[in-house]
């Protein structure tokens, strides 16, 4: 029984210790201070002893009173100081171990496959970095220190009592073993509810986030009066899981309390019995009666920590979940290729069991442009994302400058590529900082030059704070066309040798389209360009055009060549011409 408790405790301790990382030293200090706290606690017992001696001997000598007062003062001051420094170390360890974990998660998310974000919801990641890690921060150091110092102090107390009287010491040992038996059963039960509680916390965060993000749709359909079943279910699940855990712990907590009180009473009865049998002095008898109220205090502190140890361990397991995802950039090297030709060699890729691209072979010469055309869902964006290594190919290879992109570090690979997405995301920061996101050391003058080329300087200068205007999360204060032009300015400033445009001009105003087209042509000089486009003007000027349908390249060539062939491209051109010539 004791062996099982110790084994389970050590198992969780290892997880906590590994999770602590650089904060292990602060935890060590806190445990060491906890041991010193126990020594000062023993001074309190000494003060009680001298007070009892004075009472029993009915001595008029104030020496015992002075001893008692001095030891009590030492005990109080020592425990206050130890508590202060121990709590300081715990707080430091808790805060920084979770802060470091959040930073580690942020860094890791930059290097994991994009498929992770499909399988793991925003709510789960938000729940881990907020609710779960908050629980780790607030409970783990406290639990670890309380259990370790509690067991150390309990051991010291047991030795102390055994020295006073081995018979009463055996009662204390027996009571401790019974207490650990109850604690073991409670810890065993907590294994079943702790993961469910963590899951309920994650589901609640996920449901709340989804509800907030989708509020504009709810309002647009005038459905605010209807109940949200998902969030109601998440709240109920969270309530039930927390209540179930409390219901599970309550009987064991009551049993723990009963065991300790019962054995405290047994110590008093034994002490009185031994006194009347003349095998225990009156001083020691009174001492044992008084100590019986204190003797199990430290083991109780350790036991209360054991009650939530499994919950803390489950929180750490949940927080480490992201760390189990394999990294894309594990064996890469820094490369800076002289040529930026791109080759796809028999590339195939699937999302789960659904194949998106099949046996794609393609060469994009250095300083050339390629337009990717095809129906929605044909695999155009996936092709571009594979070149940027958002995912790894299932088979085949992609090379840049003759080197497999899997041989690059992600940092050196992304130094070669700028991307302009169809769905632009801007950060809750100034316009200047958003434009120079890829080049943090850029000056304001450099930012302005890029903004002018992207035709967004005029509307930026018209804003109240110009380039220092805070644009809100996701660029919520700007129009779609304004956001897209800022993202193009960002790509211009980065000035990478390879540029990927994913429908870059989709949301640009007609009056600015010609200016932006000229700016993009200036940007594309002496660069390797891949563009997903639906605008005929953009497509027909490409050095080569590929048409993708159902994951296959079905047509490839230049505009003048493909327009003569029956196929998707010819149909695409005719539809665009009809759209362009349509008038009200």
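The values are calculated or read from the model by the stated rules, or taken from the named source; none is laboratory data. Keep in mind the model is a prediction, meaning the values are calculated, not measured. Counting neighbours? That spans all protein chains shown, and the Cβs are built from the backbone with ideal geometry, glycine included.
Scanning segment 422-456 for residues that are modelled with pLDDT under 85 and crowded, with 18+ Cβ neighbours inside 10 Å yields 424, 426, 453, 454, 455, 456. Restricting attention to segment 477-513, the residues being surrounded by fewer than 21 Cβ atoms within 10 Å (Cβ to Cβ), at pLDDT 85 or above and closer than 21 Å to residue 372 by Cα number 2.
So which of 567, 557 is at pLDDT 70 or above, out of contact with any helix residue (DSSP H, G or I) (no Cβ under 9 Å at 6 or more places or on another chain) and under 23 Å from residue 368 (Cβ atoms)?
On the way: 557 fails: out of contact with any helix residue (DSSP H, G or I) (no Cβ under 9 Å at 6 or more places or on another chain).
Of 567, 557, the one residue that is at pLDDT 70 or above, out of contact with any helix residue (DSSP H, G or I) (no Cβ under 9 Å at 6 or more places or on another chain) and under 23 Å from residue 368 (Cβ atoms) is 567.
Taking segment 81-186 and the helices (runs of 4 or more DSSP H) fully enclosed by it, the elements with 1 or more residues that are closer than 30 Å to residue 253 by Cβ and more than 30 Å from the chain's Cα centre (by Cα) are at 133-164.
Residue 302 falls short on exactly one of the conditions (1) at pLDDT below 80; (2) touching a helix residue (DSSP H, G or I) at 6+ places or on another chain (Cβ under 6 Å); (3) surrounded by fewer than 18 Cβ atoms within 10 Å (Cβ to Cβ), and that condition is (3). If the condition is being more than 23 Å from residue 417 (Cα to Cα) and touching a helix residue (DSSP H, G or I) at 6+ places or on another chain (Cβ under 7 Å), then segment 431-474 contributes 457, 459, 460, 466, 467, 468, 469, 471. Annotation note: Cβ proximity below 8 Å between a residue of segment 362-386 that is at positive phi and in the same structural domain as residue 339 (by TED's automatic domain parsing) and a residue that is surrounded by fewer than 21 Cβ atoms within 10 Å (Cβ to Cβ) and in a loop (DSSP other than H, G, I, E, B) (sequence gap 6+ or interchain) occurs for 367/340; 367/526; 367/527; 379/550.
Could you check, for segment 372-392, whether at least one of its residues is part of a strand (DSSP E or B) and within 26 Å of residue 575 (Cβ to Cβ)? Working first, answer last.
First, pick out the residues of segment 372-392 that are part of a strand (DSSP E or B): 372-373.
Subset that is within 26 Å of residue 575 (Cβ to Cβ): 372-373.
Within segment 372-392, one or more residues are part of a strand (DSSP E or B) and within 26 Å of residue 575 (Cβ to Cβ).
Here is the figure for segment 396-413: residues that are assigned to a helix (DSSP H, G or I) and free of Cβ contacts under 8 Å to residues at least 40 places away in the same chain total 1. Would you call residue 469 closer than 22 Å to residue 436 by Cα, at pLDDT 75 or above, surrounded by 22 or more Cβ atoms within 10 Å (Cβ to Cβ) and in contact with a strand residue (DSSP E or B) (Cβ under 7 Å, 6 or more places away or on another chain)? Judged against the criteria, residue 469 is not a match.
Say whether the condition of being under 27 Å from residue 35 (Cα atoms), assigned to a helix (DSSP H, G or I), in the same structural domain as residue 35 (by TED's automatic domain parsing) and under 49 Å from the mean Cα position of the chain (by Cα) is met by at least one residue in segment 237-253. The answer is yes; a qualifying residue exists.
Tell me the residue from 47, 70, 99 that is at pLDDT 85 or above and within 30 Å of residue 410 (Cβ to Cβ), please.
Numbers: 47 fails: within 30 Å of residue 410 (Cβ to Cβ); 70 fails: within 30 Å of residue 410 (Cβ to Cβ).
One residue alone meets the criteria, 99.
Regarding segment 514-526, can at least one residue be identified that is within 30 Å of residue 451 (Cβ to Cβ) and at pLDDT 80 or above? Taking every residue of segment 514-526 in turn, at least one turns out to be within 30 Å of residue 451 (Cβ to Cβ) and at pLDDT 80 or above. The residues on offer are 13, 19, and the sole one that is surrounded by 15 or more Cβ atoms within 10 Å (Cβ to Cβ), touching a helix residue (DSSP H, G or I) at 6+ places or on another chain (Cβ under 6 Å) and either outside any helix (DSSP H, G or I) or at pLDDT below 85 (or both) is 19.
Looking across 178, 151, 116, one residue alone is crowded, with 19+ Cβ neighbours inside 10 Å and either more than 23 Å from residue 309 (Cα to Cα) or at pLDDT 75 or above (or both). It is 151. Under the condition of being in contact (Cβ under 8 Å) with a residue 24 or more places away in the chain and more than 18 Å from residue 159 (Cα to Cα), which residue from segment 281-296 is surrounded by the fewest Cβ atoms within 10 Å (Cβ to Cβ)? So the residue we want is 282.
Out of all the residues in segment 327-341, is one or more in a helix (DSSP H, G or I) and within 30 Å of residue 199 (Cα to Cα)? No, that holds for no residue.
Would you check if residue 392 is surrounded by fewer than 19 Cβ atoms within 10 Å (Cβ to Cβ) and more than 21 Å from residue 487 (Cβ to Cβ)?
Values: surrounded by fewer than 19 Cβ atoms within 10 Å (Cβ to Cβ): yes; more than 21 Å from residue 487 (Cβ to Cβ): yes.
Against the criterion (surrounded by fewer than 19 Cβ atoms within 10 Å (Cβ to Cβ) and more than 21 Å from residue 487 (Cβ to Cβ)), residue 392 qualifies.
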